[in-house]
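The next block holds one structure in the form of structure tokens; read it before the comments.
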Amino acid sequence: MSAVTSPVARTWAALTTGRGRTALGFAVAALALFVVAPATLSDFRLNLLAKFLCLAMVAVGIGLAWGQGGMLTLGQGVFFGLGGYAMAMHLKLADAGPGGVPDFMLLYGDGVVPGWWEPFRSPVFTLVMVVALPVLVATLLGLAVFTRRVRGAYFAILSQVLAAAFAILLVGQQKVTGGTNGLNGFRSFFGYDLNDPVNKRMLYFIAAGVLLAMVLLVRALMRSRFGELLVAVRDQENRVRFLGYDPAIVKVVAYAVAAAFAGIGGALFVPIVGIISPADVGVVPSIGFLVGVAIGGRATLLGPVLGAIGVAWAQTTLSESFPSAWTYAQGALFIVVVAFLPGGIASLGHLWRRRRGRPDAHQTASPAPQVGLDPGATGAVVDPRPTGPRDPATVGRTS
Amino acid sequence: MDPLLSQLFAGLSVGSVLLLAALGLALTFGQMGVINMAHGEFMMAGAYTAFVVQLVVADAGLSLMMSLGIGFLVGGLLGLLLEATLLSRMYHRPLDTLLVTWGVALILQQVARDVFGAPNVDVRAPEWLSGAVTLLGVQVPKTRLFILLVAVVCVAALSIVLKQTPLGRRIRATVTNRDLAETSGISTRATDRLTFFIGSGIAGVAGVVLTLLGSIGPTLGRNYIVDAFLVVVAGGIGQLKGAVIAAFALGISQALIEFSTTASIAKVAVFVAVVVFLQFRPQGIVSVRTRSLA
């Protein structure tokens, strides 16, 4: 952008490129979340937005694992559920009082709290488990899969089977998990009455703060050496291996962080929405998380957040009035975005600039999405061309 | 009557259903690396084909036999359409095909819901498939035996096609080394298209025989797709042998674990077993040697 001369134009150019653009986007997001939304939305709408923010937390994690790391994870519902159920168990026990038994256990079971429920009476233990359980499961599966170099598609399928198995397990163990109904009817959240609108607003602010913190953390990660490695592993795993790094460790760390985000999102989802059930964690919702990420731009920082919130909002609005239309719309979104716009909405700018023939100043700011040069899956040889920064917009049309 | 033996037969029966669901997937995933999540919906289409055929042809036995053929065509044509419109432009991004076909699956499910209604519908089984026969002191429903027979016929037909026909040679060449096959004058694109037709057609057949097991609904495919993919992952790609062994191994172990615990625990146990198994054989039970690094 050498032709830029006037100070206004120079400031604009600084704000719309690379680092400046991220800071600007972040400031706008913070302003919208902490000032505009609470001031303009009704309590009901604000609570709805809080729910979307929880889903956006999962999306931030998927952006890291899938967009930056190339791991197509179809089982984030499991981690969402682990965090959510951990929190829900604590809330049920807290509502029942010291030594009390949650109501549904009296209904379905023999009215005895099982041993592994007992530690969840402690708030500290619960908060630790909200993060620790997803991280543990993700690390175990990640180590098992990635160190044995199980290929990309295999990982996607295994993560999906994990989601299916988890949902079936929850439904099957009705006495201790509430079965299909899940856990619901919470009255208080760490001593705060959940029927009080003020406390509901407090939950919104907690969710907004946590989400922004997650975005900042991902930004810091991606600017670190780890972030460089993660993108390198996504694009040319073997080259990274030949350089002496262990791609498996890099992938496991990114996957575990994504799992932790999903767990925290699930834990906040529970008091905000008031229910968690197998329908929130199975195969279908787990893939559902991906559509927002794909639309927003999987390899961008704020794209997954905006995409997830947008999709959740559209789903709520559309499915209220036209339930069947939403399913068609969701299917069409998957097809159109993934097949024809793999970089998501975020790549529309690139596409537009390319059409106009302008040099793209911040092409390097957003790395290309997973290009799928998976040599094993197709039996093809590794692409010998040098792999510089790729424009997401061209991915669908090259090679 | 030996309960273990009866569980074994139950496992064989579950395995034959899994095999029919996974056979087409193993074929398309092995050759093109495409992960077709709409495969389950092709099964659903096959099942509804049986329902529609029965509306036209009243005789249950005749309609079942006709449905097997028509179901193959319906599934195959749907697959051909999907390949030609969407997947053919995505072969360089195999992971993304998973999401695109999931979108297709969602749309197909909703179409079925809008056309046939959300409640399940029933297809009458023919008279000669009602009741059970006694094998080794175990009562085995005739429908289950019929499904096993269809699975065996499908595997046999497919392996004859793969081993004996020019098409099969082209398919095997493309799986082993796509570039070399192309260089040798094989149109890999035409081969891909035919493979997709056959693979999706088998899904249609699977859907038809599933109508013998119970009522059918728009989400029929979704219940089988995940297990079918697990079979493909465990079995390894490129050869039918792997899928056959994996389908029956998973079916039987599922039935045996279920016998001593519950169905949900068995599901989780089978998943863990597959992950552990992949520690020892990351490429699955059977795999074609390629010279790729991964």
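The values are calculated or read from the model by the stated rules, or taken from the named source; none is laboratory data. Keep in mind that what you see is a predicted model, and the values were worked out from it rather than measured. No Cβ is skipped: glycine too gets one built from the backbone with ideal geometry, and neighbour counts run over all protein chains shown.
Quick notes on this one:
- Residues that are of a type outside the set (Phe, Trp, Tyr), surrounded by fewer than 19 Cβ atoms within 10 Å (Cβ to Cβ) and touching a residue at least 12 places away in the same chain (Cβ under 8 Å), drawn from the range B:253-271: B:253, B:256, B:269
- The residues of the range B:91-100 that are part of a helix (DSSP H, G or I) and within 7 Å of chain A (Cβ to nearest Cβ), listed by number, are B:94, B:95, B:96, B:98, B:99, B:100.
- Tallying residues that are more than 14 Å from chain A (Cβ to nearest Cβ) and either under 22 Å from residue B:52 (Cα atoms) or among the charged types (D, E, K, R) (or both) within the range B:171-197 yields 2.
- Single match in B:75, B:46, B:103 (criterion: in a helix (DSSP H, G or I), within 9 Å of another protein chain (Cβ to nearest Cβ) and crowded, with 24+ Cβ neighbours inside 10 Å): B:103
- Residue A:212 under 24 Å from residue A:341 (Cα atoms) and surrounded by fewer than 24 Cβ atoms within 10 Å (Cβ to Cβ): no
- Of all residues assigned to the range A:84-95, none qualifies as being within 14 Å of chain B (Cβ to nearest Cβ) and of a type outside the set (Ser, Thr, Tyr).
- Selection over the range A:28-83 of residues that are on the phi > 0 side of the Ramachandran plot and more than 14 Å from chain B (Cβ to nearest Cβ) gives a count of 0.
- All conditions in (1) more than 14 Å from chain A (Cβ to nearest Cβ); (2) loosely packed, with under 13 Cβ neighbours inside 10 Å; (3) outside any strand (DSSP E or B) hold for residue B:115, with the sole exception of (1).
- Selection of the range B:258-274 for residues being in a helix (DSSP H, G or I), within 7 Å of chain A (Cβ to nearest Cβ) and at pLDDT below 80 yields B:263, B:264.
- Taking the criterion of being more than 17 Å from residue B:91 (Cβ to Cβ) and aromatic (Phe, Trp, Tyr), the residues of the range B:24-56 that qualify are B:42, B:48, B:51.
- Within the range A:157-200, tally of residues that are among the polar types (S, T, N, Q), out of contact with any Ser or Thr (no Cβ under 8 Å at 6 or more places or on another chain) and either within 11 Å of another protein chain (Cβ to nearest Cβ) or outside any helix (DSSP H, G or I) (or both): 3
- Qualifying positions in the range A:316-343 - more than 7 Å from chain B (Cβ to nearest Cβ), of a type outside the set (A, V, I, L, M) and surrounded by fewer than 19 Cβ atoms within 10 Å (Cβ to Cβ): A:316, A:317, A:319, A:320, A:321, A:322, A:323, A:340
- Search result, residues across the range B:124-168 that are outside any loop (DSSP other than H, G, I, E, B) and over 23 Å from residue B:19 (Cα atoms): B:127, B:128, B:134, B:166
- When residue A:200 is tested against (1) among the basic types (Lys, Arg); (2) under 17 Å from the mean Cα position of the chain (by Cα); (3) surrounded by 20 or more Cβ atoms within 10 Å (Cβ to Cβ), just one condition goes unmet, and that condition is (2).
- Note on the range A:192-205: residues that are farther than 19 Å from residue A:276 by Cα and either touching a residue at least 24 places away in the same chain (Cβ under 8 Å) or among the basic types (Lys, Arg) (or both) total 3.
- Filtered by the rule that a residue be part of a loop (DSSP other than H, G, I, E, B) and either among the acidic types (Asp, Glu) or in contact with a helix residue (DSSP H, G or I) (Cβ under 8 Å, 6 or more places away or on another chain) (or both), the range B:1-43 gives B:2, B:33, B:34, B:35, B:36, B:37, B:38.
- Selection count where residues are surrounded by fewer than 20 Cβ atoms within 10 Å (Cβ to Cβ) and of a type outside the set (Val, Ile, Thr), scope the range A:142-157: 4
- Scanning the range B:236-253 for residues that are within 12 Å of chain A (Cβ to nearest Cβ) and at pLDDT 85 or above returns a single hit, B:250.
- Considering residues of the range A:105-141 that are modelled with pLDDT of 90 or more and within 14 Å of chain B (Cβ to nearest Cβ) only, the residue surrounded by the fewest Cβ atoms within 10 Å (Cβ to Cβ): A:140
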